Amino acid sequence: MTGHAEKAAAFAANESRTHWHDESLWFVRVKRDRQAASIPEWEALREAASAIKTHTLSRLADYLEEFERNATANGIHVHWARDAAEHNAIVHQILASHNVTRLVKSKSMLTEECHLNPYLEARGIEVTDTDLGERIVQLRKEPPSHIVLPAIHLKKEDIGELFHIELGTEKGASDPKYLTEAARGHLRSKFMEAQAGLTGVNFAVAETGGVVVCTNEGNADMGTSLPPLHIACMGMEKLIPRAEDLAVFLRLLARSGTGQPVTTYTSHFNGPLPGGEMHVVIVDNGRSRILGQPTFRSSLGCIRCGACMNTCPVYRRSGGYSYGYIVPGPIGSILAPQRDPEKYASLPFASSLCGSCTDVCPVKIDLHQQLLAFRKKLVDLKVVPLQKRLGMAGLGFVLSRPWLYRMSGSLLRAVMPVLPRGLVYGAWNRWGVQRELPAMPKESFRDLIGKELS
Amino acid sequence: MPSVGLFIPCYVDQLYPQVGLATLRILRRLGFNVEFPPEQTCCGQPMANSGCDAAARPLAERFLAIFGKYDHVVAPSGSCVSMVRNHYDHWLHGKPRFEHLRDNTFELCEYLTGVVKVTKIDGDFPFKVGLQMSCHGLRELRLARSSEQMTAPYNKVRQLLSQLRGIEIVDLLRPDECCGFGGAFAVDEEAVSCLMGRDRIEDHARAGAEVIVGYDMSCLMHLDGLIRRAERAQRVMHVAEILEKAQLA
Amino acid sequence: MSSRNAILDSLRKSVVPPASRPAPMIGTRYADPLKQFEETLTAVGGRLVRGGDLASLDVYANAPKVASLVPGVPSRNVDLHAIQDPHELDGVDVAVIPGEFGVAENGAVWVPGEILAPHRAIFVIAQHLILVVPSDQIVDNLHQAYERIQWRPNSFGILISGPSKTADIEQSLVMGAHGARSCTVILVAQ
Ligand code: SF4
């Protein structure tokens, strides 16, 4: 099984494209910096966001019940799903009971996590992702490569070619304005035909019993104001206690994610369309297990802004697909192995632990510390390659014995310089593929200190 | 004068003895009674960062036994100091002298600026310098404000170096992006690691840096390895090697 | 056991240390909130017009089909109340909608759902959007905004900041993804 490193190497092999990918995301990071700097109380805001999430998680069950009560009073049908299968079945059952065959969807990482689209398609429902980036990857039959910028890995020429085949745009046309206009026309007809709209949830408010959805395109609003049936799917960690808390999170979300002061549309759904129906599906799917783990609990506070991806020097140079999980980057590298430690064992190691993610995260999740903690967990679970575990044990053995350490050091410094280059830079030497080894000094510091002090 | 235990990380001891000597000389010239306990080896970071706690823990215990007796412990490395300060807790919590050790282990630059409170630096370094703000020193020891943080800017390394005559500290496009070393990451994720390193070198070069200066030889070893392979003109230097040539007061 | 109870049970089984709610935030105030509102709105691709005559606005004057919810501003070739099905709103060129207040820090305008009756879709389906906001109703930041908003049961409300947009193709910003291609905010004296 190939892990992150192999897929990352394949991505990075195309160096100019990797640099382009890196620059595109760095540009978003720079926009984030500018927006964050415009708020003098930025750090206090992060602190508040983190505290609200910590508080909410400390009594999540109570707040979920409060939400359910108030949502029900608003005329919203509330459903509970233990896992992805139950979530998919609930959504399908709602759609089937309304004879829906055409569904429009706005962005929802949860439904990606649950693989809802193929489930519904197999049951005869046409599902159209309506966020432009998501529509692009859907037409390419690919998953999103980023949670906020789903098509960030594609060049406009790739999209021009795709639209030429799928939407009949002019061959060779790649102007983003022209392509966006074509998508607008195409998706508007999908909106006109849809019998139901499904959205994700950015925030669910216990106090009001409503959900808040943020988009720039307006696709969530099109999808929920034309057809009478609205289904909103949420991971249960999306809950916040009060409407006033929205201010804290909304001030952070778009600034952190895309470097905008706020998304264009921030829609508050506290009930169905007049004469329509609204359903909210609350999903666990492993979240309650994370709640029980003190080290990783705060990862449930994630508001899916994508900032940790944009800032991650590894993500920028390895692309979303190198992670092999629907949420890539630092946060994905913690969430994925929660789901399947063996399958995603390489992800916590796909980081230099630089900590940029931790400093950028609007809810102050200590991402790089959790990546490190997950490494330990994976070693304890014995899903880290034996070779690595033995190597580290051996190193520890040497380093805890000063005489052995001194001897190994001297040996290394004496032998390396006299070995033929071909041997030193042989296949065993991963360091030396692109890098020189340091020049080996004759004497170590401890050899020299006596002279120095005398 | 407080007693100072000199902590020279294993790879500095073996591969960069001149950095250890420079650190020793700086501290001795400031009048400190510096001791180098010879039983020291390694802080355990390579094992801990790989998740192999069982292999790392005995080294943490050794470290406490060796260094617990000093008033201060000083090392020319941000990441090794961060290991002691930020990652020993769960093994050594409650052990005698541990809290003292944790709170009194310093990276050289923070020691000079924060504890010794060096205010005057007299010396020359007529070069264009790019600072490589290695991540653990930056974001775990807070040697400077990171570019992500929206607080008042400061930089303890710049504070020291900027007093040198002739020095020009250049502005990088990405002031604190990771160099890609990352310990075992450098070989586990060789492709991305090297690309990150080359991108850093390019950023320093674009800004006109002749010398890349940092406080972690590990990161500099990685950059230097890439520079030499590509036969580029830049040099890397540890901040101690530069300060050693100046008068500190 | 129902899934609901199973989930709530498993959540309650986790021992999570209590943590209190943080104190409410105050948030940045601006010396001139109106100026800040204009700057931010412009930066997000919108346009501010201070007072003046609607008829002098190109986007309004030349539009064949105008749906207005602002008292005193006539609709043109659209009768919102005669329309049964919101799908028939496809093709409306301009929607003129009253906003309750603006937010200086992000250029957003709060539109309560009741204002949008009889068809909520109007704000997003129209090709262009004109929001009419009283000039003395500009708050500094979102904290103040949420202090003001009245939550009615079974309701809808929206913050709109500039025109619909996307940057999903190579990070190039394009206005008019699905919703309004332009967003003009007209400040009117009360
Ligand atoms: S972990 Fe933090 S930075 Fe990353 S997506 Fe979630 S909220 Fe954003």
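The values are calculated or read from the model by the stated rules, or taken from the named source; none is laboratory data. The structure presented is a predicted model; accordingly, all values stated were derived computationally and were not measured. Here the Cβ positions follow ideal geometry from the backbone for every residue, glycine too, while neighbour counts run over all protein chains shown.
Some observations on this one:
- Yes/no for A:G332 being within 13 Å of the ligand (Cβ to nearest atom) and within 14 Å of the chain's Cα centre (by Cα): yes
- Residue match in segment A:263-272 (condition: assigned by TED's automatic domain parsing to the domain that holds A:E207, within 16 Å of the ligand (Cβ to nearest atom) and over 16 Å from the mean Cα position of the chain (by Cα)): yes
- Taking helices (runs of 4 or more DSSP H) as the structural unit, those lying wholly within segment A:362-442 and holding at least 2 residues that are within 16 Å of the ligand (Cβ to nearest atom) correspond to A:367-380.
- Candidate set from segment A:1-24 (those that are more than 26 Å from A:Y344 (Cβ to Cβ) and surrounded by fewer than 16 Cβ atoms within 10 Å (Cβ to Cβ)); member that is nearest to the other protein chains (Cβ to nearest Cβ): A:E15
- Among the numbered conditions (1) of a type in the set (A, V, I, L, M, F, W, C); (2) more than 14 Å from chain B (Cβ to nearest Cβ); (3) part of a helix (DSSP H, G or I), the only one that A:F27 does not meet is (2).
- Residue list for segment A:411-436, restricted to those being within 11 Å of chain B (Cβ to nearest Cβ) and within 21 Å of B:A191 (Cα to Cα): A:Y425, A:W428, A:N429, A:R430, A:W431, A:G432, A:V433, A:Q434, A:R435, A:E436
- Of all residues in segment C:159-177, those that are within 12 Å of A:G133 (Cα to Cα) have Cβ atoms under 8 Å from Cβ atoms of residues that are of a type in the set (F, W, Y) and surrounded by fewer than 24 Cβ atoms within 10 Å (Cβ to Cβ), 6 or more apart or on another chain, in C:Q171/A:F27.
This table checks each residue for (1) surrounded by 19 or more Cβ atoms within 10 Å (Cβ to Cβ); (2) outside the structural domain of B:Y70 (by TED's automatic domain parsing); (3) within 30 Å of A:V28 (Cα to Cα); (4) touching a residue at least 40 places away in the same chain (Cβ under 8 Å).
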{"residue": "B:V129", "(1), (2), (3), (4)": "yes, yes, yes, yes"}
{"residue": "B:Q132", "(1), (2), (3), (4)": "yes, yes, yes, yes"}
{"residue": "B:S146", "(1), (2), (3), (4)": "yes, yes, yes, no"}
{"residue": "B:V157", "(1), (2), (3), (4)": "yes, yes, yes, yes"}
{"residue": "B:L161", "(1), (2), (3), (4)": "yes, yes, no, yes"}
{"residue": "B:D176", "(1), (2), (3), (4)": "yes, yes, yes, yes"}
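- Each residue in segment A:283-297 was checked for being more than 26 Å from A:E142 (Cα to Cα) and either more than 14 Å from the ligand (Cβ to nearest atom) or in contact with a strand residue (DSSP E or B) (Cβ under 7 Å, 6 or more places away or on another chain) (or both), and 7 of them qualify.
- Of the helices (runs of 4 or more DSSP H) lying entirely inside segment C:1-80, those containing at least 1 residues that are within 13 Å of chain A (Cβ to nearest Cβ) and either under 22 Å from A:A37 (Cα atoms) or at pLDDT 95 or above (or both) span C:3-13, C:33-43.
- All helices (runs of 4 or more DSSP H) inside segment B:152-232 with 2 or more residues being within 25 Å of A:E23 (Cα to Cα) and more than 8 Å from chain A (Cβ to nearest Cβ): B:190-206, B:217-229
- Screening A:T180 with (1) over 16 Å from A:G223 (Cα atoms); (2) among the β-branched types (V, I, T); (3) surrounded by fewer than 22 Cβ atoms within 10 Å (Cβ to Cβ) gives one miss only, at (3).
- Tally of residues being part of a loop (DSSP other than H, G, I, E, B), without any contact (Cβ under 8 Å) to a residue 40 or more places away in the chain, within 7 Å of another protein chain (Cβ to nearest Cβ) and surrounded by fewer than 24 Cβ atoms within 10 Å (Cβ to Cβ) across segment A:217-273: 1
- Considering residues of segment A:34-45 that are more than 7 Å from chain B (Cβ to nearest Cβ) and part of a helix (DSSP H, G or I) only, the residue surrounded by the most Cβ atoms within 10 Å (Cβ to Cβ): A:L45
- Residues that are within 16 Å of the ligand (Cβ to nearest atom) and hydrophobic (A, V, I, L, M, F, W, C) are absent from segment A:337-345 altogether.
- Matching residues, segment A:370-387, being under 29 Å from B:M133 (Cα atoms) and without any contact (Cβ under 8 Å) to a residue 40 or more places away in the chain: A:L372, A:R375, A:K376
- A residue that is within 17 Å of A:L187 (Cα to Cα) and charged (D, E, K, R) occurs somewhere in segment A:111-126.
- When residues in segment A:142-193 are screened for being within 11 Å of chain C (Cβ to nearest Cβ) and within 16 Å of the ligand (Cβ to nearest atom), 6 of them pass.
- Of all residues in segment A:298-325, those that are of a type in the set (S, T, Y), more than 12 Å from every other protein chain (Cβ to nearest Cβ) and more than 10 Å from the ligand (Cβ to nearest atom) total 3.
Residue by residue, here is whether (1) in contact with a Ser or Thr (Cβ under 6 Å, 6 or more places away or on another chain); (2) surrounded by fewer than 17 Cβ atoms within 10 Å (Cβ to Cβ) holds:
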residue	(1), (2)
A:S346	no, no
A:S351	no, no
A:L367	yes, no
A:L386	no, yes
A:L395	no, no
A:Y405	yes, no
A:A414	no, yes
A:L419	no, yes
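- Filtering segment C:122-140 to residues that are part of a loop (DSSP other than H, G, I, E, B) and either at the interface with another protein chain (Cβ under 7 Å from one of its Cβ atoms) or crowded, with 24+ Cβ neighbours inside 10 Å (or both) leaves only C:A126.
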